[in-house]
Amino acid sequence: MLFTCMFQHFGDPGKMKDYHYTGPVEHKFSPYAFNGGTVLAVAGEDFAIVASDTRLSEGYSIHSRDSPKCYKLTDTTVLGCSGFHGDCLTLTKIIDARLKMYKHSNNKTMTSGAIAAMLSTILYSRRFFPYYVYNIIGGLDEEGKGAVYSFDPVGSYQRDTYKAGGSASAMLQPLLDNQIGFKNMEGVEHVPLTKDKAVQLVKDVFISAAERDVYTGDALRICVITKEGINEETIPLRKD
Amino acid sequence: MAIFEVSGYKKYFELHEQIFPAGLTHLVDRTNHYNFGTKTQEFAVPPGVDPSGFLKSCNHDGGVCIEMNHGTTTLAFKFKHGVIVAVDSRASAGNYLASKDANKVIEINSYLLGTMSGSAADCQHWERLLAKECRLYRLRNNHRISVAAASKLLSNMMLGYRGMGLSMGSMICGWDKQGPGLYYVDDNGTRLSGRMFSTGCGNSYAYGVVDSGYREDMTVEEAYELGRRGITHATHRDAYSGGVVNMYHMREDGWIKVCKDDVSELIHQYRKGMF
C-alpha cells in the first residue's frame, strides 16, 4: 500500500483548479476500483436462478466482454459477486478453500445456509478494510426449496425470495418487486413462479438493464439450480 | 514458570481474554491477510491509516462507492406486564433501500432479545457473538445469564473497538431473577439501564409518541398499541425507517412475537383525517 503524499492541501481550489495550478495537491492511492456488472438471483418452489452479465469495465473502457460473475460453489449453490473484480477473485478463492476444509473435516458438503453464514463472517473479518463486493447467493436449502441470500460489503445478510445487486440493481429491483412480489398492483392473482417463466423474466429484465445501464451488457449468463444439478445458459445482450 | 502459577500472576495475554471474553481477537495489517483463522477472530486493518476515516476517503474515487446497510427506529419499554420491543424493518445503503423486511431483533434465547440499529453488519455480527457467549455461559454455569451480565458482555466488546468506526445502538431486553430487564448499549461502550429507550435515526419521533401515551399500569393491549404507534409515526416522518412493525412481548415465561404489521396500512388507520 503506497501513499504518495506530497504536500499539505491548502484550502479548496473549487472550479479554478481546472484552469490553473493553485498550489500543491494531495494524491492518494486507492486500493479499490469499480468494475461494474449486475447480478440477480430468484428463488422458486424447487429451483433457484442466479444470473449475471459478462461485461468487465473500468471507467470508460471495457476490459472484457466475457467475464461472468456467477461462481459455482457446490452442486446446489451458486455465488454471484459484482463490484471490484480483484476482491471478487480473492473472495471466491477463499470460499473455495473454506469449502474444501469443511468437506475434509466434516465429510459433507456445506449447505446454502451454512455457506451464507460463513460468507458473512469472512466479509466481517474485513470490517475495517472491506472487500468491495456485492454478493448474492442462490441455491437450494436442505428441504430442496429455492433460497436466495443477499449481502452488503461488510457481511450483513438476510434470506430473500429475489434480489438484484451491482450497478443496475436500483433499476432491476423495483421491476422484480412488481413482477415476482406483485407489489403496486391491485386485484391480481398471486400465481407461484414456474421455472420457465422465471428464466424468461430474468432474460427480459437483463435486456432492460442493458438498455439503460452503461456497465451492463455484452452477454447474460444464467445458472438454473434444481435437484438435478446446475444448468448454464448464455444469451447475447447489447454490446454498446 | 512455576512461580507464576503459584503467585497467581497472569500474563497480559490471558488477562486480555478475561476482559474481552468474546474470544481472542487480533487486528492484523499484513497485506496477505486471509481469514482461515476460524478459531481466533482476526480483523484486517488497512496499514498505516485510521480505519474510521479510511472508507470515507476511498469513496467517490473513480466510481467507487462502498455503502453499508443502515438506518432504523427501534423502541422498547418496561411496564407492569413485562417489556414491549418494537422495531421497523428498513435497511438503507446510502440512498438505496437495500431491504424492506430486514430482521432487526435477534432472539438470543427464549428469555433474551437484542435489537439492532446503526450498521446492520456490526449489529448482526456482535449480537450473534453475544448469543454464542450467552449459550456458553449457560453451559458452563448451569443457569441462564442475567440481562445485566449479557449487556455488560456486549458493551465490553464495543469498548474493545472504540474509535474504530463501529456503529451499533442496541437494546438488550430480558426477564431474569431480578424481573424484567432493559439495557441500552451502544458503540461507544455506553450501557444504561432504564424503563424506556428508543434508538436509531427515527428515535426522537418515537420518544414523543411513547412518552405522551405511557403509563406504568397499562393493559397489555394498550401497550401493544403504544408500541405500534411509536414505530408507525416514526416511520412516517423519518426517511430511513419504514417497512413493517415487528413487535415482541417479553413475559415472565419468555418472549412472544406479537405482530408484523405494514406501516402504510397502520398510518392510514391512525390518521384518517390527515390524507
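Listing for the model above:
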read-out: Phi to ³J(HN,Hα) by Karplus 6.51 cos²θ - 1.76 cosθ + 1.60 over region B:126-131, Hz, x for Gly, Pro; value: 6, 6, 5, 5, 4, 4
read-out: Note, ³J(HN,Hα) from phi for region A:223-240, Karplus 6.51, -1.76, 1.60, rounded to Hz, x at Gly and Pro; value: 10, 9, 10, 10, 5, 6, x, 10, 10, 9, 9, 10, 10, x, 10, 4, 9, 9
read-out: In degrees, nearest ten, helix A:85-106 long axis to first principal axis of chain A (Cα); value: 40
read-out: Crossing angle, helix A:169-179 versus chain A [Cα axis fit, 0-90 degrees, rounded to tens]; value: 20
read-out: Amide hydrogen neighbours beyond the local backbone of A:Arg238, cut-off 5 Å, H modeled; value: A:Asp218
read-out: Over 30 Å between alpha carbons, listed pairs A:Lys227/B:Lys257; A:Lys108/B:Lys132; A:Lys197/B:Lys104; A:Lys72/B:Lys260; value: A:Lys227/B:Lys257; A:Lys197/B:Lys104; A:Lys72/B:Lys260
read-out: For region B:135-140, Karplus couplings with θ = phi - 60° (6.51, -1.76, 1.60), whole Hz, Gly/Pro x; value: 5, 5, 4, 4, 6, 6
read-out: Alpha-carbon centroid distance for the pair region A:106-127 / region A:193-213, whole angstrom; value: 29
read-out: Inter-part distance where region B:77-109 and region B:151-217 are each reduced to a Cα centre, Å; value: 13
read-out: Nearest-20 debye value, chain A charge dipole, Cβ charges on Lys, Arg, Asp, Glu; value: 680
read-out: Shape call, region B:72-117: gyration tensor on alpha carbons, a/c limit 1.5; value: prolate
read-out: Chain A: angle of helix A:112-124 to the longest principal axis, Cα-based, in degrees nearest 10; value: 10
read-out: Residues whose placed amide H lies under 5 Å from that of B:Ala98, excluding near-sequence neighbours; value: B:Ala91, B:Ser92, B:Ala93
read-out: Other-chain or far-sequence residues with amide H under 5 Å of B:Met218's (modelled H); value: B:Lys80
read-out: Pairwise label distance in nanometres, A:Asn231 with B:Arg138, each label 7 Å out on the Cα-Cβ vector; value: 4.5
read-out: Convex hull volume per residue in cubic angstrom - Cα atoms of region A:100-240; value: 146
read-out: Rg/Rh (Cα only; Kirkwood hydrodynamic radius) as it applies to chain A; value: 1.05
read-out: Binned Cα-Cα distance frequencies in region B:123-194 - 5 Å width, integer %; value: 3, 17, 28, 25, 16, 8, 2, 0
read-out: Computed FRET value (nearest 0.05) for A:His104 with B:Asp262, which takes r as the C-beta separation and R₀ as 35 Å; value: 0.15
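Each value in this text was obtained by applying a stated rule to the coordinates, not by laboratory testing. Since we're looking at a predicted model, the values are computed, not measured. Cβ coordinates were reconstructed from backbone atoms using ideal geometry, including for glycine residues, and neighbour counts include every protein chain displayed.
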